[in-house]
Amino acid sequence: MLYIDSNVFLYPIVYDAKVVVEAQKSKGFLLKVAEGAVEVCTSTITWDEIAWVIRKIFGFNLSAEQSRKFLSFPNLKLVGVKKSTVLRAQEIMEKYQVKPRDAIHAATALENNVVEIVSYDKDFEKVEGLKRIEP
């Protein structure tokens with residue numbers, strides 16, 4: 001199983017896949033997920049990140065539409081954030097000096113025994129026990 005960072009979902013929404021290579025790669029990877037070719041999970045906070053970023057850039061209507069689409073994304077396992085996740089995220093944030101959201105993603109992956117995170121964010125390379133891969 002792979003853990004998907006929010007930026008993989010955001011690139012194809014925010015950027016034109018014909019112009020931005022990350023958007024094109026993300027779109028292709030997400031298609032594989034939708035087809036069931038790759039087993040993946042992500043945190044429930046990914047919904048928040050998608051809704052917030054899209055609202056900030058494009059407004060409420062597109063934010064509501066895209067966050068609703070995310071919730072019905074085929075073959076995507078959503079995993080929750082518990083107190084133990086946040087406590088582990090605190091440790092990760094302090095030890096590796098990563099952003100709080102990245103620390104939550106890392107802690108969520110590790111807490112669910114997922115060691116590979118699909119992301120364009122190189123900060124995940126700092127976190128022991130995780131391997132960052134690009135789509």
Completion exercise
All conditions in (1) part of a loop (DSSP other than H, G, I, E, B); (2) under 15 Å from Ile45 (Cβ atoms); (3) not hydroxyl-bearing (Ser, Thr, Tyr) are true of Pro74 except (2)
Exercise for the section: For the range 86-135, enumerate the residues that are acidic (Asp, Glu), closer than 30 Å to Gln24 by Cβ and touching a residue at least 12 places away in the same chain (Cβ under 8 Å). Expected result: Asp102, Glu116, Asp121, Asp123, Glu134
Problem - Which numbered condition Val115 fails, given (1) surrounded by 12 or more Cβ atoms within 10 Å (Cβ to Cβ); (2) under 19 Å from Glu49 (Cβ atoms); (3) of a type outside the set (Gly, Ala, Ser) - result: (2)
Handout entry: Count of residues meeting criterion [assigned to a helix (DSSP H, G or I), surrounded by fewer than 16 Cβ atoms within 10 Å (Cβ to Cβ) and among the β-branched types (Val, Ile, Thr)] in the range 15-46
Key = 1
Handout entry: Residues of the range 97-125 that turn out to be over 23 Å from Lys32 (Cβ atoms) and part of a loop (DSSP other than H, G, I, E, B), as a count
Key = 3
Handout entry: Criterion: closer than 18 Å to Phe9 by Cβ and either part of a strand (DSSP E or B) or of a type outside the set (A, V, I, L, M, F, W, C) (or both) - qualifying residue of Glu128, Glu94, Glu49
Key = Glu49
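Quick note: the coordinates plus some simple rules give every number you see, no bench work behind them. What you are looking at is a predicted structure, and each value in this text was computed from that prediction instead of being measured. Using ideal geometry, Cβ is built from the backbone for each residue, glycine included, and neighbour counts are taken over all protein chains shown.
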